[in-house]
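**Q** One structure follows; several queries about it will come next.
The values are calculated or read from the model by the stated rules, or taken from the named source; none is laboratory data. Note that the coordinates shown come from a computational prediction; the quantities given were computed from them, not determined experimentally. No Cβ is skipped: glycine too gets one built from the backbone with ideal geometry, and neighbour counts run over all protein chains shown.
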Amino acid sequence: MTITLNLRFQKFDQYGNYRFVCNAEKELDQYKALKCIEDKLKSLDVSFNPVYSTHEYSTITFKKYGLCAWTTGMRDNGIYQVEFVVNRSTCEKKYVSCFVKKMKLVASPDLGETIEIDI
């Protein structure tokens, strides 16, 4: 099943995977959706859950598989519409991974007002 959410890009993790974040106050709908996904994955008793939540924020990590075209130009704090799937391993180990099917920038980060400086 494909899931589509608007998520804020946080950073690439140490393995080059995509990490997105949402704030519980400012992005409540996305936070609730990720919290729901996290709870469902916890019920599967997996060894690694790609979704992590606290009472303040929630993050989701996507595997970099097949995403080479999107590694350049990712904007920190940019809002992306991410269409993704969650896959369970087919071997004895119990783990799940999230994979992006489609992604597009829907809102650039607010960089503030430009200041004129005379040199």
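**Q** Let me spell it out: the conditions are (1) assigned to a helix (DSSP H, G or I); (2) touching a helix residue (DSSP H, G or I) at 6+ places or on another chain (Cβ under 7 Å), and SER58 meets all of them except one. Which number is the exception?
**A** (1)
**Q** Testing GLY73 on (1) over 11 Å from the mean Cα position of the chain (by Cα); (2) at negative phi; (3) not aliphatic (A, V, I, L, M), one condition comes back false. Which one is that?
**A** Condition (2) is where GLY73 drops out.
**Q** Something else: Could you check region 1-26 and list, in sequence order, the residues that are among the basic types (Lys, Arg) and either surrounded by fewer than 10 Cβ atoms within 10 Å (Cβ to Cβ) or more than 11 Å from ASN77 (Cβ to Cβ) (or both)?
**A** ARG19, LYS26
**Q** Let me ask another. Can you pull out every residue in region 5-31 that is farther than 16 Å from LYS63 by Cα, part of a strand (DSSP E or B) and of a type in the set (S, T, N, Q)?
**A** Answer for region 5-31, where residues must be farther than 16 Å from LYS63 by Cα, part of a strand (DSSP E or B) and of a type in the set (S, T, N, Q): ASN6, ASN23.
**Q** Now a separate question. Which members of region 85-108 meet the condition of being assigned to a loop (DSSP other than H, G, I, E, B) and either surrounded by 13 or more Cβ atoms within 10 Å (Cβ to Cβ) or modelled with pLDDT of 80 or more (or both)?
**A** Matches in region 85-108: SER89, TYR95, SER108.
**Q** Now a separate question. Confirm whether ASP39 is free of Cβ contacts under 8 Å to residues at least 24 places away in the same chain and either not in a loop (DSSP other than H, G, I, E, B) or not small (Gly, Ala, Ser) (or both).
**A** Against the criterion (free of Cβ contacts under 8 Å to residues at least 24 places away in the same chain and either not in a loop (DSSP other than H, G, I, E, B) or not small (Gly, Ala, Ser) (or both)), ASP39 qualifies.
**Q** Would you be able to say whether some residue in region 70-84 is under 26 Å from VAL46 (Cα atoms), touching a strand residue (DSSP E or B) at 6+ places or on another chain (Cβ under 9 Å), at pLDDT 90 or above and surrounded by fewer than 15 Cβ atoms within 10 Å (Cβ to Cβ)?
**A** The answer is yes; a qualifying residue exists.
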